[in-house]
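Working notes, beginning with the structure itself.
The values are calculated or read from the model by the stated rules, or taken from the named source; none is laboratory data. Treat the numbers as computed from the prediction; the structure is a model and nothing was measured. Cβ placement follows ideal geometry from the backbone for every residue including glycine, while neighbour counts extend to all protein chains displayed. Side chains are part of the model used for accessible areas, which takes the heavy atoms of the whole protein and leaves out ligands, DNA and RNA. Shrake-Rupley method; radii C 1.70, N 1.55, O 1.52, S 1.80 Å.
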Amino acid sequence: MTNKKSALITGVTGQDGAYLSKLLLEKGYAVHGLLARRSTDTLWRLRELGIADDVTLIDGDITDLSSLIRALRKSDASEVYNLGAQSFVGTSWQQPTLTAQVDGVGVINVLESLRIAKPEAHFYQASTSEMFGLIQAAKQSETTAFYPRSPYGVAKLMGHWATVNYRESFGMHASSGILFNHESPLRGIEFVTRKVSHGVASIKLGTQKRLKLGNIDAKRDWGFAGDYVEAMWLMLQQDIADDYVIATGVTTTVRDMCKIAFQHVGLNYEDHIDIDQQFFRPAEVDVLLGDPAKAELNLGWKPKTSLETLIVMMVEADIRRLRR
Ligand code: NAP
Ligand code: G4F
């Protein structure tokens with residue numbers, strides 16, 4: 001028998017799952033990850049952080065309740081982080097039902113598995129600033145009204161309210177982290193920051209000529225994923241579960257983010273970008289800007305990484321990968 005604290009992470013193969021695993025391993029946890037079976041290799045992020053052999057993988061899927069109950073029994077986790085999702089907003093218009101099943105009903109499955117098998121465990125739900133959508137306040141906080149603009153945002157809102165409801169109905173320690181966009185060199189290539197960092201690296205190294213983008217006037221509050229997983233952990237260490245906005249409090253256009261990335265390698269973004277209608281969305285979230293004051297006050301959490309540092313880190317990582 002070991003006295004190690006045990007955690008279960010769904011979405012362990014994703015960007016946040018990898019950084020959170022690393023953080024929890026450093027804190028001495030036994031880390032278990034729910035592995036949704038795929039035909040392709042999904043463990044590259046854990047390998048990139050050098051922790052692939054340190055995470056215990058358990059087969060399961062958040063759309064499959066019994067697999068979650070088995071994973072809870074096997075891991076005996078006292079902390080459960082539900083990061084598993086169809087997380088790409090653009091895809092949610094093409095696969096709205098799947099998005100609802102994974103990002104909405106999937107959350108209820110995880111909550112139900114806890115209610116049945118481990119009601120005393122602390123639970124984290126990966127909620128999102130996409131729920132604010134058509135923003136109802138210039139700076140969005142925990143009390144700002146939601147107005148989702150995509151099937152993804154709608155499904156995530158279900159997961160958010162289910163988390164609040166299980167806390168209020170059953171007294172479960174269930175917290176919802178309303179995280180604004182957070183990026184890293186481990187970000188999926190379909191998201192705009194990584195598409196740009198990869199594009200800039202490829203153009204610099206001469207393997208690509210131009211970069212096609214959609215609405216570059218959209219504004220996002222971008223932070224570093226490595227900083228944000230710390231906030232997830234802090235939420236589950238509190239005596240009382242609650243909901244928290246995690247953001248930087250700074251918003252930037254996609255255009256200015258591109259400027260930073262191209263400038264870093266001595267190029268002018270205007271010489272290399274084409275605007276392509278295929279990357280516009282049926283309904284856009286024009287601007288997001290978070291107010292993380294509650295997280296700073298209650299959790300002592302603050303972002304540490306500026307957008308400039310983050311984008312340079314991503315471009316450099318893509319240059320290194322492409323050279324390899
Ligand atoms: P990500 O890189 O897309 O990772 C998503 C993870 O979910 C992957 O491990 C994926 O597995 C897994 N997954 C997909 N369908 C599943 C299913 N049916 N059952 C179990 N696992 C499943 O996303 P991320 O950026 O790390 O984000 C983590 C969470 O935070 C997501 O819930 C996302 O919606 C939310 N969020 C992200 C941001 C952000 O800016 N990054 C902001 C707010 C909220 P495969 O690798 O096998 O596909
Ligand atoms: O990088 P994105 O695809 O991220 P988006 O839609 O904001 O969603 C991300 O953040 C959410 C939190 O707010 C998460 F919940 C969600 O899971 C995901 O991690 O797009 C950012 C902005 C959008 O306004 C989009 O229209 O960039 C704009 N954009 C412009 N050209 C583009 C592109 N987005 C993508 N992916 N690709 C383009 O070519």
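Give just the number: which of (1) under 17 Å from ILE260 (Cα atoms); (2) within 15 Å of ligand 1 (Cβ to nearest atom) does GLU190 not satisfy?
Among (1) under 17 Å from ILE260 (Cα atoms); (2) within 15 Å of ligand 1 (Cβ to nearest atom), the lone unmet condition for GLU190 is (1).
If you take the residues in the range 108-131 that are within 11 Å of ligand 1 (Cβ to nearest atom) and more than 20 Å from ALA231 (Cα to Cα), which one is least open to solvent (accessible area, probe 1.4 Å)?
Looking at the filtered set, the residue picked out is VAL110.
One line per residue, one yes/no per condition, for (1) in a helix (DSSP H, G or I); (2) within 17 Å of the chain's Cα centre (by Cα):
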position: GLU130; (1), (2): yes, yes
position: ALA137; (1), (2): no, no
position: THR143; (1), (2): no, no
position: TYR147; (1), (2): no, no
position: TYR152; (1), (2): yes, yes
position: LEU157; (1), (2): yes, yes
position: HIS160; (1), (2): yes, yes
position: VAL164; (1), (2): yes, no
position: ARG167; (1), (2): yes, no
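Which condition breaks for SER175 when tested against (1) open to solvent by less than 30 Å² (accessible area, probe 1.4 Å); (2) within 16 Å of ligand 2 (Cβ to nearest atom); (3) under 16 Å from the mean Cα position of the chain (by Cα); (4) not β-branched (Val, Ile, Thr)?
So the condition that SER175 fails would be (2).
State whether the residues of the range 192-207 include one that is in a loop (DSSP other than H, G, I, E, B) and charged (D, E, K, R).
no
Would you be able to say whether some residue in the range 265-273 is surrounded by fewer than 20 Cβ atoms within 10 Å (Cβ to Cβ), farther than 30 Å from ASP243 by Cα and acidic (Asp, Glu)?
yes
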